[in-house]
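The values are calculated or read from the model by the stated rules, or taken from the named source; none is laboratory data. Just so it is clear, the model here is predicted, and its values are computed rather than measured. Here the Cβ is made from the backbone with ideal geometry for all residues, glycine too, and neighbour counts use every protein chain on show.
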Amino acid sequence: MSFSLYIHIPYCQAKCPYCDFNSYAAPAWPEADYTQALIAELGRRASEPPFAEDTLRTIFFGGGTPSLFAPHSIGAILDAADRSFGIDRDAEITLEANPGTVNLSKLAGMRAAGVNRISFGAQSFDDRILKLLGRIHDAAETREAALLAHRAGFTRLNLDLIFAVPGQTVAGVIDDIGQAAALEPDHISAYNLTFEEGTAFFAEMKRGRMKPLANEEQAAMYAAVRDEIPARGYPMYEISNYAPAGHEARHNLTYWRAETYLGIGAGAHSFALAQRDSRASGDHYGRRWWNERSPARYLEMARCGGMAESGAEEINGATGASEFVFLNLRLRAGFALADFEERFGRSFDDIFAGRAAPLIDGGLLVRRKDRVFLSERGLELADSVFAEFV
C-alpha cells in the first residue's frame, strides 16, 4: 500500500493578512533543528501502524514558506522519508514557494534534492493587489521565478491565484489568468478570497475598515474563472483547481478522495482509514490526529522520541460517509456510487437518498451513469450543497 505525506514548514518572512494557516513571521528560523525534528518524527511514525511497511506516493512541503529552507535541508528530509518508508519511483513531490524567495541556484538545488513539482503563490499580477494582500513579491518576480523554474528542470509547475479581492474587477481577474497561462504552468489554482476569523483581514472587516466584495461580484468573478482558465487549456477538475488530464495535483487528490495521509511538522493533521473489516461494522471508519501547533513546543516534543501529537479523534462510519461525499463532490467528476458502496458496505441511497433527492430535483446535484457530481449551478452554491451532508 502507499499513502501521502504532508510536511509543514511554518516559517514566513511576513504573515499575509488573509492567511489562517499555522504560519509565523520571523526574521530567522531554526532550520537545522526543525529539519532534525521532522526527521525524528518520520522515524517514529515509520515504526508504528498504520504506516509501517507502506510507501509514499506523494509528498507535499507546505507552509508557511517552505522555499525559505535550503535545498540541503529539503534533501535531508526526503532522504529520511525514503529511509523510513520508501518513496515510490513515480512519486509526486511538491514544494510550495514564494516567488520572492527563489533564484536559479535554489530552484536547481530543490530539483536535484528530489522535488519534481513546484507551486508558486503568484496570487495576482497586479502589484496593487499584491500589496493589499501583503505579499513580499511583485508580478515581475513571479514571471522571473516561473522562467527560472522551467530552466531548473521543473516540468510540473503550479501557479496559485486569488480572486474577489476588494478593489479587484472581473477584467483584472481575467488579466491575471492570461498572465498566469502565458508562463506555461501545467496547473493553475484559483481561490476565492475569504475573510477567516483570526486573520488581519477579518479584524479589519469587523472594524469596518475593509469590506468583502458583494456576493454578486464574487459570483461573476468565479464564473469568469470557470470560463477563462479552461479556455486556455486547463480544464476544471476540482472546485478551485485546473489542469490538463494527467497533470492534476495527485497529493491533493488524496484529500478530496478521503484517503490516508500522514502530516508531520507543527500543527500538521493526519488521517488514516481503518482496516476494511473494521470499517464494515460502521463503528470505526478511521482516525484523525494533529500535532502541536507552536513551532517551539513542537521542536521540544519531536526531539524527545519523535512524537508531537497533541490531539486525536475517532471517526465513525456515519461521519466518514458524510466526509467522503462532500470531499469527493469538490471534484468535477464527483464520485462513483460503486466506490461509495465499496468504502462503506452500504449504498449511497441507503444513507443519503433523502438528502440527495431535493438537491437533484433542484438542479444542484447530477446523478448520471452511476456517478454523483455538482451541476454548474451546484458549483456556485457548493458550500450549501456540502452542508446538506454534514
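Residue by residue, here is whether (1) in contact (Cβ under 8 Å) with a residue 40 or more places away in the chain; (2) buried (at least 18 other Cβ atoms within 10 Å of the Cβ); (3) more than 22 Å from the chain's Cα centre (by Cα) holds:
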position: 165; (1), (2), (3): yes, yes, no
position: 180; (1), (2), (3): yes, yes, no
position: 187; (1), (2), (3): yes, yes, no
position: 193; (1), (2), (3): yes, yes, no
position: 200; (1), (2), (3): yes, no, no
position: 203; (1), (2), (3): no, no, yes
position: 208; (1), (2), (3): no, no, yes
position: 211; (1), (2), (3): yes, no, yes
position: 222; (1), (2), (3): yes, yes, no
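No other residue among 265, 286, 320, 306 is within 27 Å of residue 190 (Cα to Cα) and in contact with a helix residue (DSSP H, G or I) (Cβ under 8 Å, 6 or more places away or on another chain) apart from 265.
Residue 244 meets all of the listed conditions (1) farther than 25 Å from residue 377 by Cα; (2) surrounded by fewer than 19 Cβ atoms within 10 Å (Cβ to Cβ) but one, namely (1).
Within segment 342-368, the set of residues being farther than 23 Å from residue 218 by Cα, in contact with a strand residue (DSSP E or B) (Cβ under 9 Å, 6 or more places away or on another chain) and not in a helix (DSSP H, G or I) comprises 366, 367.
Name the residue that is farthest from residue 248 (Cα to Cα), counting only residues in segment 71-111 that are outside any helix (DSSP H, G or I) and of a type in the set (Gly, Ala, Ser). Only one residue fits best here, namely 86. Answer yes or no: is there a residue in segment 227-248 that is within 15 Å of the chain's Cα centre (by Cα), part of a helix (DSSP H, G or I), in contact (Cβ under 8 Å) with a residue 40 or more places away in the chain and under 30 Å from residue 345 (Cβ atoms). No, every residue in segment 227-248 fails to be within 15 Å of the chain's Cα centre (by Cα), part of a helix (DSSP H, G or I), in contact (Cβ under 8 Å) with a residue 40 or more places away in the chain and under 30 Å from residue 345 (Cβ atoms).
Based on this model, can you work out whether residue 68 counts as touching a helix residue (DSSP H, G or I) at 6+ places or on another chain (Cβ under 7 Å), at pLDDT 95 or above, closer than 23 Å to residue 252 by Cα and surrounded by fewer than 23 Cβ atoms within 10 Å (Cβ to Cβ)? Yes.
Checking each residue of segment 101-114 against the condition of being surrounded by 24 or more Cβ atoms within 10 Å (Cβ to Cβ), assigned by TED's automatic domain parsing to the domain that holds residue 247 and hydroxyl-bearing (Ser, Thr, Tyr) gives no match. Against the test of being farther than 26 Å from residue 54 by Cβ, in contact (Cβ under 8 Å) with a residue 24 or more places away in the chain and not charged (D, E, K, R), the options 37, 32 yield a single qualifying residue, 32.
A search for C-beta distances below 7 Å between a residue of segment 75-92 that is farther than 23 Å from residue 31 by Cβ and any residue that is of a type in the set (Val, Ile, Thr) and surrounded by 20 or more Cβ atoms within 10 Å (Cβ to Cβ), counting only pairs 6+ apart in sequence or on different chains, returns 91/58; 91/59; 92/58. Of the residues examined, residue 280 is not one that is small (Gly, Ala, Ser), modelled with pLDDT of 95 or more and farther than 17 Å from residue 389 by Cβ. Pairing each residue of segment 347-366 that is in the same structural domain as residue 379 (by TED's automatic domain parsing) and at positive phi with any residue that is surrounded by 13 or more Cβ atoms within 10 Å (Cβ to Cβ) and at pLDDT below 95, provided the two are 6+ apart or on different chains, yields no C-beta distance under 9 Å. From the list 299, 337, the one residue that fits, being at pLDDT 95 or above, farther than 30 Å from residue 35 by Cβ and outside the structural domain of residue 46 (by TED's automatic domain parsing), is 337.
Taken over segment 283-296, the criterion of being at pLDDT 90 or above and of a type outside the set (Gly, Ala, Ser) is satisfied by 285, 287, 288, 289, 290, 291, 292, 293, 295.
Table: residues versus (1) more than 20 Å from residue 184 (Cβ to Cβ); (2) of a type in the set (A, V, I, L, M, F, W, C).
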| residue | (1), (2) |
| --- | --- |
| 72 | yes, no |
| 84 | yes, no |
| 108 | no, yes |
| 116 | no, no |
| 122 | no, yes |
| 136 | yes, yes |
| 149 | no, yes |
| 152 | no, yes |
| 160 | no, no |
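Total residues in segment 23-44 satisfying the condition of being surrounded by 16 or more Cβ atoms within 10 Å (Cβ to Cβ) and either in a helix (DSSP H, G or I) or among the charged types (D, E, K, R) (or both): the figure is 10. One residue stands out among those in segment 119-134 that are more than 22 Å from residue 60 (Cα to Cα) and in contact (Cβ under 8 Å) with a residue 40 or more places away in the chain: the one that is surrounded by the most Cβ atoms within 10 Å (Cβ to Cβ), which is 124.
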